[in-house]
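Report on one structure; see the data block that follows.
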Amino acid sequence: MAAYRLPVTASFGFMPMNLVHRKLCSSALWAKAVAAEMPGNVAGFDLGDSVLEIGPGYGATTRALARLVPRLTAVEIDGASAELLQREFGERVRVVHGDGAAMPFEDGEFSAVVCFTMLHHVPTTALQDAIFAEAFRVLRPGGVLRAIDGLESVPFRLLHIGDTLNALDPVSLWPRLTTTGFTDIKVDHVPKRSVRFSARKPH
């Protein structure tokens with residue numbers, strides 16, 4: 001399935017993306033790579049019957065996830081992106097235009113929350129922490145948070161020239177997630193490449 005493309009002037013809310021970055025993230029090549037990696041990205045996690053994805057962007061991760069989970073909701077801060085995703089997925093995925101740091105969902109609505117390669121677009125650590133807090137709020141007791149993101153490197157910074165770039169510090173994730181209330185926290189990272197982490201809301 002071809003990826004939808006946004007106009008060159010588009011941005012993810014207050015998180016702009018440069019032309020090269022937009023072309024990459026909306027490409028069929030990127031979508032194919034994401035689809036191949038997604039089963040491994042969620043392997044070993046019981047995501048349950050109602051999964052929330054924060055920040056789907058162009059929808060490559062959403063397409064891959066929709067094949068793997070029984071019910072998927074995606075919250076996207078950029079209105080144009082949300083509209084295109086609603087058109088593409090119809091009733092297969094509930095797409096909501098909203099802010100991951102202040103989500104329009106009930107407490108304990110979801111069995112799992114996931115986000116992939118979007119947290120580095122959140123401009124401040126405080127807003128990232130607000131997203132963690134919201135993920136905790138909307139999770140059911142025992143629900144899991146699963147996230148993957150890129151880490152600071154020269155190529156990563158070059159890709160983000162003109163973008164918002166606030167790369168995660170893997171060392172800080174455990175205390176940040178603990179402060180939010182999460183337990184069973186696991187953080188794995190490859191320096192200058194990627195970080196993968198998970199956490200659980202206590203029963």
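The values are calculated or read from the model by the stated rules, or taken from the named source; none is laboratory data. Keep in mind it's a predicted model, so treat the numbers as computed, not measured. Here the Cβ is made from the backbone with ideal geometry for all residues, glycine too, and neighbour counts use every protein chain on show. Keep in mind that these areas ignore ligands, DNA and RNA; they rest on the heavy atoms of the full protein, side chains included. Shrake-Rupley method; radii C 1.70, N 1.55, O 1.52, S 1.80 Å.
When you have a sec, figure out the Kirkwood radius of the chain from all distinct Cα pair distances and drop it here in Å to one decimal?
So the Kirkwood estimate lands at 16.9 Å.
Report the full-extension gain for the segment GLU109 to GLU37: residue separation times 0.36 nm, less the Cα-Cα distance, to one decimal in nm.
Value of the extension gain: 23.2 nm.
Put a dot 7 Å past each Cα toward the Cβ at ASP169 and ARG71; how far apart are the dots in nm?
It is 3.9 nm.
Just to be sure I understand: of the beta bridges DSSP finds with both ends in region 39-104, what percent are antiparallel, rounded to 5?
The answer is about 10 percent antiparallel.
Determine, from the Cβ-Cβ distance of LYS192 and GLU91 and an R0 of 45 Å, the FRET efficiency 1/(1 + (r/R0)^6), rounded to the nearest 0.05.
0.65
What does the net charge come to around ASP169 if you take all other residues with beta carbon closer than 10 Å to its beta carbon, with K and R at +1 and D and E at -1?
0
Starting from the 7 Å offset along Cα-to-Cβ, what nm value, one decimal, do you get for the label separation of THR125 and LEU29?
3.6 nm
Taking region 64-167, which GluC sites (Glu not before Pro) meet the DSSP loop condition and have no more than 16 other C-beta atoms within 10 Å?
Those satisfying the criteria are GLU91, GLU106, GLU109, GLU152.
In whole angstrom, note down how far apart the Cα centers of region 134-203 and region 53-86 are.
19 Å
When ligands, DNA and RNA are left out and all protein chains stay put, how many square angstrom of accessible area per residue does the chain have with a 1.4 Å probe?
Here the per-residue accessible area is 47 Å².
Whats the longest run of the chain with zero trypsin sites (Lys or Arg not before Pro) that are DSSP loop and have at most 16 other Cβ atoms within 10 Å?
It works out to 93-191.
Report, for the chain, the % of DSSP beta bridges that are antiparallel, rounded to 5.
50 percent
Let me check I've understood the local charge: for GLY98, count other residues with C-beta under 11 angstrom from its C-beta, Lys and Arg +1, Asp and Glu -1. What total comes out?
My count for the surroundings of GLY98 gives -4.
If you stretched the chain out fully between ASP184 and ARG157, how much longer would it get, using 0.36 nm times the residue separation minus the C-alpha to C-alpha distance?
6.6 nm
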